[in-house]
Amino acid sequence: MIHSWRGQKKYMLNEYKILTVTHKHVRLERIADFVVTHVDDNELQEKLTNLKSQFGLDELLYVATCNRVIYLYKSAKELDLSFVTSFFQTINSSLSADYIQRIITAYEGKAAINHIYEVSSSIDSLVVGEREILRQIREGFERSEKWGLTGSSIRLLMKHLVEASKEVYAQTKIGEKQISVVSLAIRKLLESNLSKDARILLVGAGQTNLLVSKFLVKYEYTNVTVFNRSIEKAQKLAERFNANAFLLSELPSYREGFDCMIVCTGATEAIIKKPLYQQVLGDDGQEKLIVDLSIPNNVDRPVVEEFNINYIEIEDLKQLAELNLEFRKQEVGKAKILLQRQINEFQKIFQQRQITKALQSVPSEIKAIKEKALNEVFKKDLESLDDNTKALFEKMMTYMEKKCISVPMKAAKELIV
Ligand SMILES: NC(=O)c1ccc[n+]([C@@H]2O[C@H](COP(=O)([O-])OP(=O)(O)OC[C@H]3O[C@@H](n4cnc5c(N)ncnc54)[C@H](OP(=O)(O)O)[C@@H]3O)[C@@H](O)[C@H]2O)c1
């Protein structure tokens, strides 16, 4: 579905565009079909750089979170179904045109700006009011900047977007009684009556599992072992529990048993597959609690289906999230009003900047006209004048030069609505 909100004037926001898949339209596991799969940052950088150049995008910002994937880009090219189809078939060649067109939502112009403002202030989140999304968008932007994918237009947008989102969090009660995907998952974990001395394996040591660990400490779960791709982060996280830390590659040989596994990494493919799970499980027949907070899910489906598991994934949290939304509905309304003011403000700033850019050459062009008049066109006439008259002419020409520069600048400012 394409939401277009294009302005008639040349300097509107038309070139900002967004292609996205969110929790609102699909089961979360489907989002995985539209992310850029990668084993490490180098591969992600290479794939995004190729995407940007293949589709002739001026700028590109990529953000994948637990409940959405966003491609925010700037381009004058038309956003139509054939562009959307070939864009996603480049990302994932197994996707059919029909599937892409059913699932993808596209925004253009002011509709794109509106959408990204609502996302970053968490109005559009699975868990309305969680601030993680702003951090994730900022991190995505910093990474895209570092890789040379973004430029001045997305930079300008980010600056205003962050300020607007902070204002929403400060001026409304949207983030009151802080709630997050992680806190909802922990609520589910507590409901499962996991005993306080349960053996917990934390797989992944990123921001999300860091948050998980804070809750585990709060609810007095201390029998924790951490596994992570890099050992430094695993050790840092393990310090919270005075626990052991291991490399993820050591998980297959771990034989101490477990009652609960909390899996959350940035891997874009399942990392807990059947053979690995069977090895770690051994001949233990007890039911295990598995919490998978990764999108795409990091626990392979056959593991969930074939073992004795109580499985909690983000999809299961939707119902709890809806109750949370009910509580925050009024605040969402207030936030939307506030955002509209901020978006109009951004539109003005954007237009001013575009016009200033377009008029940048005016002063030098007018100066060149003056120089030509004095040194070529009227050169002979001027030579016949006495020094005082010549000086007066030059003074008048300089006065005219300044006035000629200010007239279009003033007219341009008045054009901005
Ligand atoms: N932030 C949230 O609010 C939130 C909530 C729910 C779910 N999630 C989901 O949680 C997952 C992780 O997010 P995050 O915010 O914690 O990310 P993060 O802070 O960037 O941490 C990523 C973690 O995953 C590991 N990792 C990355 N790629 C890997 C790979 N190919 N194989 C194995 N390990 C890998 C990293 O290991 P190194 O230390 O070695 O780099 C690191 O421990 C994502 O799927 C996200 O959608 C996030």
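The values are calculated or read from the model by the stated rules, or taken from the named source; none is laboratory data. Computed from a prediction, not measured in an experiment: that's the story for all the values here. Every residue, glycine among them, receives a Cβ derived from its backbone with ideal geometry; neighbour counts consider all protein chains shown.
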Report task. All but one of (1) in a helix (DSSP H, G or I); (2) under 27 Å from residue 177 (Cα atoms); (3) assigned by TED's automatic domain parsing to the domain that holds residue 258; (4) not hydroxyl-bearing (Ser, Thr, Tyr) hold for residue 333, so report the exception by its number. Result -> (3)
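Table: residues versus (1) out of contact with any Phe, Trp or Tyr (no Cβ under 7 Å at 6 or more places or on another chain); (2) in contact (Cβ under 8 Å) with a residue 12 or more places away in the chain; (3) over 30 Å from residue 74 (Cα atoms).
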{"site": "346", "(1), (2), (3)": "yes, yes, no"}
{"site": "349", "(1), (2), (3)": "yes, yes, no"}
{"site": "355", "(1), (2), (3)": "no, yes, no"}
{"site": "370", "(1), (2), (3)": "yes, yes, yes"}
{"site": "374", "(1), (2), (3)": "yes, yes, yes"}
{"site": "394", "(1), (2), (3)": "yes, yes, yes"}
{"site": "406", "(1), (2), (3)": "yes, no, yes"}
{"site": "410", "(1), (2), (3)": "yes, no, no"}
Query - Evaluation of residue 326 against (1) over 30 Å from residue 124 (Cα atoms); (2) exposed (fewer than 13 other Cβ atoms within 10 Å of the Cβ) (one fails), failing number - result: (1)
Requested in this report: Output the number of residues of region 192-224 satisfying the condition of being in contact (Cβ under 8 Å) with a residue 60 or more places away in the chain, more than 16 Å from the ligand (Cβ to nearest atom) and over 24 Å from residue 276 (Cα atoms).
Outcome: 2
Query raised in the report: Would you say residue 50 is over 17 Å from residue 296 (Cβ atoms) and modelled with pLDDT of 95 or more?
Result: yes
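Table: residues versus (1) under 12 Å from the mean Cα position of the chain (by Cα); (2) within 16 Å of the ligand (Cβ to nearest atom); (3) not hydroxyl-bearing (Ser, Thr, Tyr).
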{"site": "136", "(1), (2), (3)": "yes, yes, yes"}
{"site": "144", "(1), (2), (3)": "yes, yes, no"}
{"site": "155", "(1), (2), (3)": "no, no, yes"}
{"site": "179", "(1), (2), (3)": "no, yes, yes"}
Query - Hits in region 110-169 - residues which are surrounded by 18 or more Cβ atoms within 10 Å (Cβ to Cβ), among the charged types (D, E, K, R) and assigned to a helix (DSSP H, G or I) - result: 110, 118, 132, 143
Requested in this report: Scan region 282-324 for residues that are within 16 Å of the ligand (Cβ to nearest atom) and assigned to a strand (DSSP E or B) and jot them down.
Outcome: 290, 291, 292, 299, 311, 312, 313
Query - Single match in 303, 291 (criterion: crowded, with 18+ Cβ neighbours inside 10 Å, touching a residue at least 40 places away in the same chain (Cβ under 8 Å) and farther than 23 Å from residue 41 by Cα) - result: 291
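For every residue, the table says whether it meets (1) in a helix (DSSP H, G or I); (2) within 16 Å of the ligand (Cβ to nearest atom); (3) without any contact (Cβ under 8 Å) to a residue 60 or more places away in the chain; (4) of a type outside the set (Val, Ile, Thr).
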site	(1), (2), (3), (4)
235	yes, yes, yes, yes
238	yes, yes, yes, yes
246	no, yes, yes, yes
255	no, no, yes, yes
265	no, yes, no, no
Query raised in the report: Among the residues of region 202-215, is there at least one that is basic (Lys, Arg), closer than 21 Å to residue 321 by Cα, in a helix (DSSP H, G or I) and in contact with a strand residue (DSSP E or B) (Cβ under 8 Å, 6 or more places away or on another chain)?
Result: no
Query raised in the report: For region 25-47, how many residues meet the condition of being basic (Lys, Arg) and either modelled with pLDDT of 95 or more or assigned to a loop (DSSP other than H, G, I, E, B) (or both)?
Result: 2
Query raised in the report: With respect to residue 70, is the statement that it is under 23 Å from residue 206 (Cβ atoms), touching a residue at least 12 places away in the same chain (Cβ under 8 Å) and assigned to a strand (DSSP E or B) true?
Result: yes
